[in-house]
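**Student:** The structure's right below; bear with me while I get my questions together.
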Amino acid sequence: MPTANQLDTSVADKGYAHPDALVSTAWLADHLSDAKVRIVESDEDVLLYDSGHIPGASKVDWHTDLNDALVRDYISREQFQELLRSKGIDDSTTVIFYGDKNNWWATYAFWVFQLFGFTNAKILDGGRLKWEQEGRPMTTDAPAITARSDYVAKERSDDRIRAFMSDVKKHVAAHGRLVDVRSPDEYSGKKLHMPEYPQEGAMRGGHIPGAKSVPWARAANPDGTFKPSSELRAIYEQEQGLSPTDDVIAYCRIGERSSHTWFVLRYLLGYDNVRNYDGSWTEWGNAVRAPIEK
């Protein structure tokens, strides 16, 4: 059996800048019993895991496990450390994230782990959808009890991959590159929420001045896998004029959809300077005197 860190050739064939950030369903099926691999499911529907999950997978709830219960921010270093220790994860563990909705929340969990400097992580290409479509095993059993690890978390570092509102204001003033990954109706200001979702509190509609509209799901195939690099470059570079040397900020509503685009730009296309603005439209659309375009 190939090792947990061996390159997945079916992913490598898609021409990504960092193919080691993804694994295929076939690769994961071969590693279900690998002691150095931990599978983590993170879904938009937090009840989905209990209805069936990949054998051995544990659950990370983006509501309760990753976000602070009081302040709109992420958990502390101590809380992150306890989360990983409780799941038997340490720096020698390869974590495979997957989830529903084209890995929308799996990339979000991946991004939060990166904030704490945990880099030994990958995304399951196609996520939950592709695994189920291929008829691969699912279970409702709890994962086997794993011995706690002695993982020591690093202090969270936001500057490299996270943007705050003050950063975005400076970026706009400098005519920096912005990608709005929401739906076209949200971008235009016609809607203040995602299609088929309830109103979530934004006072104004529209987009941050200068932002390009590239809905996040354009990067995915119907089976949930990421499109090959040639198609991704056609979307982001030929259509929108982005370049791997650009300083890019992606945003959506609360930073969840834009984490997917952040992953695409950073790992699949090799953009070294891309940040996720997780305050996104719920902050910008409510801020007094924040400039808006429609």
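**Student:** Only sites in a loop by DSSP and with at most 15 other Cβ atoms within 10 Å count here; which trypsin sites (Lys or Arg not before Pro) in segment 43-146 make the cut?
**Tutor:** Answer by residue number: 72.
**Student:** How high is the relative contact order of the chain, in percent, counting Cα pairs under 8 Å that sit 6 or more residues apart?
**Tutor:** Once normalised by length, the contact order is 20 percent.
**Student:** Rounding to the nearest 20 debye, state how big the charge dipole of the chain is about its Cα centre with +1 on each Lys and Arg Cβ and -1 on each Asp and Glu Cβ.
**Tutor:** Using only the charged Cβ atoms, the result is roughly 760 debye.
**Student:** Determine the alpha carbon to alpha carbon distance for each of 169/294; 14/130; 170/190; 191/227; 36/122; 130/191 and list only those over 19 Å.
**Tutor:** 170/190; 191/227; 130/191
**Student:** Sticking with this one: Run the numbers for residue 13 and residue 73: contour at 0.36 nm per residue of separation, minus the present Cα-Cα distance, in nm. Write out the running numbers ahead of the final one.
**Tutor:** Details: separation 60, 0.36 × 60 = 21.60 nm, distance 3.77 nm.
Between residue 13 and residue 73, full extension yields 17.8 nm more.
**Student:** List the trypsin sites (Lys or Arg not before Pro) within segment 173-250 that fall in a DSSP loop (any state other than H, G, I, E or B) and whose Cβ has at most 13 other Cβ atoms within 10 Å.
**Tutor:** Sparse-neighbourhood loop trypsin sites (Lys or Arg not before Pro): 190.
**Student:** Write down Rg/Rh for the chain, rounded to two decimals, with Rg from the C-alpha atoms and Rh from the Kirkwood relation over Cα pairs.
**Tutor:** My calculation of the ratio gives 0.96.
**Student:** Still on this model: Please sort by residue number the GluC sites (Glu not before Pro) in segment 160-260 whose DSSP state is loop and whose Cβ has at most 14 other Cβ atoms within 10 Å.
**Tutor:** 196, 200
**Student:** If you bin the C-alpha pair distances of segment 165-284 every 5 Å from 0, what whole percents do you get?
**Tutor:** Final binned percentages: 2, 12, 23, 26, 19, 12, 6, 1.
Each value in this text was obtained by applying a stated rule to the coordinates, not by laboratory testing. Just so it is clear, the structure is predicted and the values come from calculations on it, not from any experiment. Every residue, glycine among them, receives a Cβ derived from its backbone with ideal geometry; neighbour counts consider all protein chains shown.
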